[in-house]
Amino acid sequence: MRIQDLAKELGKKPAELQKFLIDMGVKAKTPSQHLDVEVVEQVRDLFKEETKKNDLDLLPDTGILTRSHLRVSELADLLKRGLPDVMKAFLKRGNMVTLNTEIDANTAVEIAKDVGVILELEASISTKKTIRDHLDKIEEYDMDRGLDALTTRPPVITILGHVDHGKTLLLDTIRKSNVISGESGGITQHIGAYQVSVKGRKLTFLDTPGHAAFTALRARGAQVTDIAILVVAADEGIKPQTVEALSHAKAANVPIMVAINKVDKPDADIERVKQQLAEHDLLAEEWGGKTVMVPVSAKTKLGIDDLLDMIMLIADMLDLKANATGQAKGVVIESRLSRKKGPIATVLIKAGCLKVGDFFVIDSTYGKIRALLNDSGEKINEALPGTPVEILGISKVPQPGSILEVKYTESEAKDLAEIHLQDMNHLAKAGKSISLESLSKKIDEGEIQKLNLIIKADVNGSLEAILASLSHVSSQEVSVSILHSATGPINENDLMLAMASSALVIGFHVGITQEAEEVAEDDGIECRLYDVIYNIVDDVKKVIEGLVRPVFEEVETAQIEVRQLFRFSKVGVIAGCYVLSGKVVRNAQVRIFRGKTELFQGKISSLKRVKDDVREVAANFECGVVIDGFIDFQPGDILSTFEIRQKK
Ligand code: GDP
């Protein structure tokens, strides 16, 4: 069909349709040009929609966006405006899009404004955190349903502390003396968490002792622990990892109690431990403070009952409640691949009731619960809040910290999994998530009011000096909070903590361990290394004033020498060159120098090896170069190609 005929059919002028086609990305040179059948159909559909929706009175002028990304066609649907209108709005802003182009929520809001719709972002999207916010939403959801719908749930407890101070034995002793399914399942624990029953009440212990696992869960946005128990051996007193664990527990903002372990040992000194903890702002109740400290022996079981009583007391004060009906939500606390059963995950239920047969989503995977197993490996039909349960029926091994959500139908679960996948891709592409610059921007935009710092230094003296200098730095709007400070290199745990609490990691005269460097790279966390204290203070000041902006620099990528000239009527002049250093790539930006004088700046529009067009040419090879807009080469000219990079 010809353009002019289609225009007539649609009641448009041929020129008008021609312009519209060009906007759509279709080549439309003359009104007599024939169009493909699909294009004709597409245009008819678009205009049908436009006429249908042209009655402005019927159109909504507000809408809510619940996703962080969507396609142009989906936006048009959401706004109830015709696709042509929406696409035109993009074009007016100079954005070339197709129906399938994916756009982010902020762009959607702008475009909506252009077509007369006020689009509001659902809270989780506007804060750009997407999946991570799910858990907060669970709690809000519970609260929304009113207190009547809530029932008391077991507290979830994590044990932290220095290596060899008795975390594993303590967990073991508690489990053995109070295991729930003692008769049937015996005491063989199957999963990374267990429940014990004390005086008719259930307590859930996470069996992944150590703050690394604790913070790793938090780093993925999952706060599962209600109470942290810090284990300190009475004979050794506090050690570097005790301090680290304490910082991690404090940053998580959970109640901390202390188990002073190994009191059976002859050199145990309970008072010394209390004294040392007081130096780290943890003051025992009997010393006028608020922290419950219980002397125990994981070996002789001395004090274990007291410890459990105290846990229950704290749980009572926390008044932990959850909605135990409805669709379940939970957090993956452990996962593995079983050769017999396939991928398996242990999930701690946060809200609702998880049942066999439920459709669920975990990150970008979805499925149907095939079986539920409790902590003794027994099959159960349902699991309630505060309960750890092993689930079967997943197609991929999920990461600890991922959120499980139950949906009514398989297709609902599938849709949500797809949205999660998009969100994850976008998060991955978003670049450094924690850096001087990103934090400064957030402060500037009023998104955060507190700057969290983790400080590692070579010696105590420097650490104290840095802390003292930073103690005066804060502004009216923004305070500075030191989450953790210690001597030694920046390690993996520091990065986990940084990720979990959006903290900036600062090193003074220290390095970064290799594992930490990998985490920093993978998760986009900037570690700042300094050797002058003044610079730390200066940078922190700039961050809290919201003044750090990206700095770009020009980086030379190659030097090329012109050796010979070839003139062609079609292409103009090809400079026969030799790559002195670096690597030349096609389309690279280039400066041309004759001696010290810069003659021209432009772009390499064509790059050849012998006669073939190539993408790149390495050092010590010859190549032919054409530069847009420049032909006056002379042998001996030096071409310097460069890239603009963000300065680190
Ligand atoms: P973790 O590294 O913190 O998990 O420490 P473990 O639970 O593995 O304990 C380290 C060592 O201390 C083991 O040899 C335990 O048997 C021992 N231990 C743990 N608790 C006690 C205790 O209360 N008294 C004594 N005497 N030894 C203990």
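The values are calculated or read from the model by the stated rules, or taken from the named source; none is laboratory data. In this text the structure is predicted, and so the values were computed from the model without any measurement. Glycine gets a Cβ as well: all are built from the backbone with ideal geometry, and neighbour counts include every protein chain shown. Side chains included, ligands, DNA and RNA excluded: accessible areas come from the protein's heavy atoms. Shrake-Rupley method; radii C 1.70, N 1.55, O 1.52, S 1.80 Å.
Miscellaneous remarks
- Of all residues in segment 261-301, those that are away from the ligand (no atom under 16 Å from the Cβ) and of a type in the set (Val, Ile, Thr) total 2.
- Cβ-Cβ under 7 Å pairs, at least 6 apart or on other chains, segment 444-469 side more than 18 Å from Asp538 (Cβ to Cβ) and open to solvent by 70 Å² or more (accessible area, probe 1.4 Å), far side among the charged types (D, E, K, R) and part of a loop (DSSP other than H, G, I, E, B): Gln449/Glu477
- Residues of segment 336-369 that turn out to be closer than 11 Å to Leu392 by Cα and of a type in the set (Gly, Ala, Ser), as a count: 5
- Number of the condition not met by Glu554 [criteria: (1) assigned to a strand (DSSP E or B); (2) open to solvent by less than 70 Å² (accessible area, probe 1.4 Å); (3) over 19 Å from Glu464 (Cβ atoms)]: (2)
- For the condition in contact with a Ser or Thr (Cβ under 8 Å, 6 or more places away or on another chain), crowded, with 19+ Cβ neighbours inside 10 Å and closer than 19 Å to Ala193 by Cα, Ile311 does not qualify.
- Considering segment 359-380, and only residues there that are open to solvent by 30 Å² or more (accessible area, probe 1.4 Å) and either modelled with pLDDT of 95 or more or assigned to a strand (DSSP E or B) (or both), the residue that is farthest from Ser197 (Cα to Cα) turns out to be Tyr366.
- Test: residue in segment 209-229 that is more than 30 Å from Thr387 (Cα to Cα) and open to solvent by 20 Å² or more (accessible area, probe 1.4 Å): no
- Hey, Leu348 over 23 Å from Gly210 (Cβ atoms) and surrounded by 19 or more Cβ atoms within 10 Å (Cβ to Cβ) or not: no
- Screening Val109 with (1) modelled with pLDDT of 50 or more; (2) on the phi > 0 side of the Ramachandran plot gives one miss only, at (2).
- For Tyr534, the conditions (1) surrounded by 14 or more Cβ atoms within 10 Å (Cβ to Cβ); (2) under 30 Å from Ala465 (Cβ atoms) are fulfilled apart from (1).
- Positions within segment 78-92 being closer than 18 Å to Leu65 by Cβ and open to solvent by 20 Å² or more (accessible area, probe 1.4 Å), in sequence order: Leu78, Lys80, Asp85
- Residues of segment 149-179 that are open to solvent by less than 20 Å² (accessible area, probe 1.4 Å), in a helix (DSSP H, G or I) and farther than 18 Å from Gly200 by Cβ: Leu170, Leu171, Thr173.
- Test: residue in segment 481-490 that is open to solvent by 40 Å² or more (accessible area, probe 1.4 Å), of a type outside the set (Ser, Thr, Tyr) and free of Cβ contacts under 8 Å to residues at least 40 places away in the same chain: yes
- Residues within segment 290-308 that are more than 15 Å from Leu170 (Cα to Cα) and open to solvent by 80 Å² or more (accessible area, probe 1.4 Å), tallied: 1
- Enumeration of residues in segment 402-419 that are touching a helix residue (DSSP H, G or I) at 6+ places or on another chain (Cβ under 6 Å) and either open to solvent by less than 20 Å² (accessible area, probe 1.4 Å) or not in a strand (DSSP E or B) (or both): Ile403
- Matching residues in segment 149-170 - criterion: being more than 6 Å from the ligand (Cβ to nearest atom) and either among the hydroxyl-bearing types (Ser, Thr, Tyr) or modelled with pLDDT under 90 (or both): Ala149, Leu150, Thr151, Thr152, Thr158
- Subset of segment 557-569 that is at pLDDT 85 or above and of a type in the set (A, V, I, L, M, F, W, C) - its residue that is surrounded by the fewest Cβ atoms within 10 Å (Cβ to Cβ): Phe566
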